[in-house]
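Reading through the structure tokens given below for one structure.
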Amino acid sequence: MQLAARAPHPALRRHVRTLTGWHEKADGPVVRDELPGGRIVLVVSFGPKMEIDGRTYTSFAAGLHDAPAHTEHDGIGHGIQAYLTPLGGRRLFGMPMGELTRRVVELEDLMGPEAGELAERLAAAAGWPERIDIFERAIAARVLRAEPVAPELEWAWDRLLETDGAAPIGALGEELGWSRRHLAARFRAELGMPPKALARILRFERAVKRLRAGDDLAALALDSGYYDQAHFNRDFRAFAGATPTEIRQPLVHSGAA
């Protein structure tokens with residue numbers, strides 16, 4: 001696996017979390033379980049199609065999920081991807097992210113002919129630095145000219161992201177002067193999930209990253225805001241279908257079928 005990554009431009013950092021190119025070649029099929037996170041996934045592929053939960057895609061966008069996505073390709077993978085925030089996805093595609101929740105959609109269905117044109121330009125670029133620049137500019141052209149969501153939602157999302165889901169949901173509503181019901185309804189429609197669900201996913205995402213970095217399980221559970229080990233294990237089973245110990249390493253299998 002060859003990877004090329006660069007942090008997004010500061011003007012995009014509220015909307016784009018990562019920009020990564022990859023080229024993968026294996027001796028046989030590669031199977032992964034991609035874990036959920038607080039992100040909208042945008043993939044532009046230059047290579048063979050990929051299978052996700054039994055359906056085949058080329059370039060695509062995936063909305064917020066609360067369960068692992070089972071992915072497979074025949075051993076060759078080549079493309080570029082961005083992890084967008086729900087705010088970024090809302091602006092990029094010009095649609096509420098509630099319409100993309102738990103869905104994977106071909107990019108052409110969301111962006112029209114522009115998706116194919118972008119893939120051609122990216123594939124023809126001289127190397128990864130140029131590709132990432134082209135990709136970032138294409139994202140910026142749509143995101144920065146789009147109408148923003150309500151500033152209250154932007155502020156609340158920023159608080160959840162910067163605290164890895166630890167910000168008290170009730171306190172967010174109180175500071176905004178919104179009821180819990182109103183806050184949940186606006187989040188679900190515009191960003192894809194209610195704030196409590198998003199907070200759990202962000203907390204889980206941080207825990208996975210630290211777990212795979214080698215952090216101690218018991219200390220990690222407490223530091224991540226879980227009441228006890230049982231709650232920690234419950235979220236891992238809900239979001240990963242596995243225990244924390246089982247996902248210390250990425251869920252990948254490569255080899256002949």
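Could you check the range 156-180 and list, in sequence order, the residues that are part of a helix (DSSP H, G or I), in contact with a helix residue (DSSP H, G or I) (Cβ under 8 Å, 6 or more places away or on another chain) and either in the same structural domain as R39 (by TED's automatic domain parsing) or surrounded by 14 or more Cβ atoms within 10 Å (Cβ to Cβ) (or both)?
Looking only at the range 156-180, we keep the residues that are part of a helix (DSSP H, G or I), and these are 156-162, 169-176, 180.
Add one more test, that the residue is in contact with a helix residue (DSSP H, G or I) (Cβ under 8 Å, 6 or more places away or on another chain), and what stays is 156-157, 159-161, 169-170, 172-173, 176, 180.
Correct list: A156, W157, R159, L160, L161, I169, L172, G173, L176, R180.
All of (1) in a helix (DSSP H, G or I); (2) within 18 Å of the chain's Cα centre (by Cα) hold for Q81 with one exception: (1).
Taken together, the residues in the range 141-160 that are touching a residue at least 24 places away in the same chain (Cβ under 8 Å) and farther than 15 Å from G89 by Cα amount to 3.
Check the range 140-151 and report whether any residue there is farther than 30 Å from R121 by Cα, of a type outside the set (K, R) and surrounded by fewer than 16 Cβ atoms within 10 Å (Cβ to Cβ). Checked against the condition, which is being farther than 30 Å from R121 by Cα, of a type outside the set (K, R) and surrounded by fewer than 16 Cβ atoms within 10 Å (Cβ to Cβ), the range 140-151 yields at least one hit.
Let's see how each residue does on (1) basic (K, R); (2) farther than 15 Å from G165 by Cβ:
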| site | (1), (2) |
| --- | --- |
| K196 | yes, no |
| R200 | yes, no |
| R203 | yes, no |
| A213 | no, yes |
| A219 | no, yes |
| G225 | no, no |
| H231 | no, no |
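Of the residues in the range 1-23, how many are among the basic types (K, R) and crowded, with 18+ Cβ neighbours inside 10 Å? Final tally of qualifying residues: 2.
The set of residues in the range 181-195 being in contact with a Phe, Trp or Tyr (Cβ under 9 Å, 6 or more places away or on another chain) and assigned to a helix (DSSP H, G or I) consists of R186, F187, P195.
Residue pairs whose Cβ atoms lie under 7 Å apart, sitting 6 or more positions apart in sequence or on different chains, and linking a residue in the range 40-55 that is without any contact (Cβ under 8 Å) to a residue 40 or more places away in the chain to a partner that is of a type in the set (A, V, I, L, M, F, W, C) and in a strand (DSSP E or B), are G47/I76; P48/I76.
Could you list all residues from the range 94-108 that are surrounded by fewer than 17 Cβ atoms within 10 Å (Cβ to Cβ) and under 23 Å from L144 (Cβ atoms)?
G94, M95, E99, V105, E108
Checked across the range 9-23, the condition of being part of a strand (DSSP E or B), under 17 Å from E108 (Cα atoms) and at pLDDT 95 or above holds for no residue. Among residues of the range 188-212 that are at positive phi and in the same structural domain as A238 (by TED's automatic domain parsing), those with a beta-carbon under 6 Å from a residue that is hydroxyl-bearing (S, T, Y) and surrounded by fewer than 24 Cβ atoms within 10 Å (Cβ to Cβ) at least six positions away or on a different chain give the pairs G192/T101.
Against the criterion of being in the same structural domain as H23 (by TED's automatic domain parsing), surrounded by fewer than 16 Cβ atoms within 10 Å (Cβ to Cβ) and within 28 Å of M1 (Cβ to Cβ), R131 does not qualify. Screening the range 24-40 for residues that are within 19 Å of the chain's Cα centre (by Cα) and assigned to a strand (DSSP E or B) and picking the one that is surrounded by the most Cβ atoms within 10 Å (Cβ to Cβ) gives I40.
The values are calculated or read from the model by the stated rules, or taken from the named source; none is laboratory data. What you are looking at is a predicted structure, and each value in this text was computed from that prediction instead of being measured. Methodologically, a virtual Cβ is constructed for each residue, glycine included, from the backbone with ideal geometry; neighbour enumeration extends over all protein chains shown.
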